[in-house]
1. Give the residues of region 368-400 that are within 16 Å of the ligand (Cβ to nearest atom) and either part of a strand (DSSP E or B) or of a type in the set (D, E) (or both), sorted by residue number.
2. Does I440 satisfy being modelled with pLDDT of 95 or more and either surrounded by fewer than 21 Cβ atoms within 10 Å (Cβ to Cβ) or within 12 Å of the ligand (Cβ to nearest atom) (or both)?
3. Show me the strands (runs of 3 or more DSSP E) found entirely inside region 19-86 where at least 1 residues are within 24 Å of P268 (Cα to Cα) and either at pLDDT 95 or above or out of contact with any Ser or Thr (no Cβ under 9 Å at 6 or more places or on another chain) (or both).
4. Check whether at least one residue in region 326-334 is in a helix (DSSP H, G or I) and either closer than 30 Å to S79 by Cα or at pLDDT 95 or above (or both), and report yes or no.
5. Give the residue that is nearest to the chain's Cα centre (by Cα), with candidates limited to residues of region 276-310 that are under 22 Å from A441 (Cβ atoms) and small (G, A, S).
6. If you scan region 300-315, which residues turn out to be charged (D, E, K, R) and in a helix (DSSP H, G or I)?
7. Residues in region 77-128 that are over 17 Å from A161 (Cβ atoms) and either in contact with a Phe, Trp or Tyr (Cβ under 7 Å, 6 or more places away or on another chain) or not β-branched (V, I, T) (or both): how many?
8. Mind listing whichever residues of region 272-309 are within 21 Å of G32 (Cα to Cα), within 15 Å of the ligand (Cβ to nearest atom) and touching a Phe, Trp or Tyr at 6+ places or on another chain (Cβ under 9 Å)?
Amino acid sequence: MCGVVGVALPPGSGTEAAAVAATGLFALQHRGQESAGLAVSDGAEIFLYKDLGMVAQVLDERRLPSLRGDLAIAHCRYSTTGSTIWENAQPTFRLGPRRAVAIGHNGNLVNTRELLDQLEGGRARLAASTDTELLTTLLADEPAADTVQALLQLLPRVRGAYSLVVLDRGRIIGIRDPHGFRPLVLGRIPEVATGASDAAPWALDGARDGWVLTSETTALDILGAEFVRDVEAGEMVILESGREPRSVRFAPADPALCVFEMIYFARPDSYMEGRNLYEVRRRMGEQLAGEHPADADLVMPVPDTGGPAAAGYAEASGLPFREGLVRNRYTGRTFIQPSQTMRHRGVTLKLNPLREVVRGKRLTVVDDSIVRGTTTKQIVALLRRAGATEVHVRISAPPIFHPCFYGIDTQIATELIAATSSVEEIREFIGADSLGYLSIAGVLAALELPYDRFCFACFDGRYPEPVPYDSERRKFMLEEAVPARG
Ligand code: SF4
């Protein structure tokens, strides 16, 4: 996944772009918890700060004041290429013969090997083992004097998923790949003559508008910014301090937004494709109740992400809705953590059953996905230990049969339980009394949008952007490029 933010404030606004970008990044913490970072330009120099850890750990108040400037980009990382090491944290930075650039990237490229062959000097030049480092180095090397011209030369050679915020000394450029796999939106911090208020905490004290690029609309809400529009697939939006944004199209749009953004990844208070994601997920629950009813006493979500679908399931089925699991809010999302061992330990740290609610009850438990099955198995066992008499699992998405190469870390098909097991075998593995998945038709009915606007590849194997035959295990393909440490 990953979250990105770009902020351009007018000159002399009296507000530091770094603080605005860091605040926006807090709203995107769910998109990546491995590292966080900021790059800031004061028009003459680019300053960079990044580290491993959560946004609040990395971008704290002691560090922000030293990052001065009207332009800032920020990034939180969930790894899909390269290990969780400091070098791989973003934004990446490169000083080339014609430009200094920093990049924050959400997505995953599918022709990294081809691009590496185009890099003069090869792997040895890379300071990190991510596709973003490679992209940044290629961009810094481009001979065109202007960064937008350099991007127009480079991007036609780049394939895969990329929602980017690119910073040079004088601009931020927001870019969405021609399929728009990952979201990116444009927002405006309005001019407010009287200065900051509760409604617009970053109001610009009589200056002109500020502009924000971000992965999700929820970051705009937190900044008191207005949603302007989605950055379109195949579009660049150029932000310069004190100027209206400019748009440059670099490829025809062939939209295929990741449908999992709608089902699970993005926050429920975000809007995508003009839809509020809480409402979309609630309707998925309604559809699920129609497709897979359960003879049970109550409906409960797996917190937090199963909540909207469980509410919809309860409404449509007429069963009471109860919270039966309490989530420890201060641990990460289990799916997002990088290793199987950490995922395994995560769920026990994270969820605790409400014995009074579940004891002696037949439960319908609603969640939004089963990836490897281990988390669901632990939840079912947890509920049985707490006294549930039956556990019926309902999933508000279809089974994940195929790996993702566009920015979600399910690159190995054998790790996906649905790729190797039937629904009945999965039910047996997780220890549930029954198991039902929402169909693709059910997802589309809830979205109220046509199939061809989305990528459904992990459900039906129809990849909008061809993936190379050796795609599996590509996550660490640039690893040998990382110089030895210490
Ligand atoms: S393959 Fe699945 S997770 Fe990946 S972009 Fe497509 S729908 Fe999203």
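1. Pass one, region 368-400, residues within 16 Å of the ligand (Cβ to nearest atom): 368-372, 395-400.
D368, I395 - these are the residues of region 368-400 that are within 16 Å of the ligand (Cβ to nearest atom) and either part of a strand (DSSP E or B) or of a type in the set (D, E) (or both).
2. On the way: modelled with pLDDT of 95 or more: yes; either surrounded by fewer than 21 Cβ atoms within 10 Å (Cβ to Cβ) or within 12 Å of the ligand (Cβ to nearest atom) (or both): yes.
Against the criterion (modelled with pLDDT of 95 or more and either surrounded by fewer than 21 Cβ atoms within 10 Å (Cβ to Cβ) or within 12 Å of the ligand (Cβ to nearest atom) (or both)), I440 qualifies.
3. Values: elements: 35-41, 46-52, 71-77.
By residue number, 35-41, 71-77.
4. Going through region 326-334, the residues in a helix (DSSP H, G or I) turn out to be 334.
Keeping just the survivors that are either closer than 30 Å to S79 by Cα or at pLDDT 95 or above (or both) gives 334.
Looking for residues that are in a helix (DSSP H, G or I) and either closer than 30 Å to S79 by Cα or at pLDDT 95 or above (or both), one finds at least one in region 326-334, hence yes.
5. Step by step, filter region 276-310, then rank; the result is G306.
6. To start, the set of residues in region 300-315 that are charged (D, E, K, R) comprises 304, 315.
Result: E315, single match.
7. First pass over region 77-128, keeping only residues over 17 Å from A161 (Cβ atoms): 83-89, 91, 93-102, 116-128.
Then drop every residue that is not either in contact with a Phe, Trp or Tyr (Cβ under 7 Å, 6 or more places away or on another chain) or not β-branched (V, I, T) (or both), which leaves 83, 86-89, 91, 93-100, 102, 116-128.
The total comes to 28.
8. L277, T305
The values are calculated or read from the model by the stated rules, or taken from the named source; none is laboratory data. Owing to the predicted nature of the structure, the values given are computational and were not obtained by experimental measurement. Ideal geometry is used to build each Cβ from the backbone, glycine not excepted, and the neighbour counts take in all protein chains shown.
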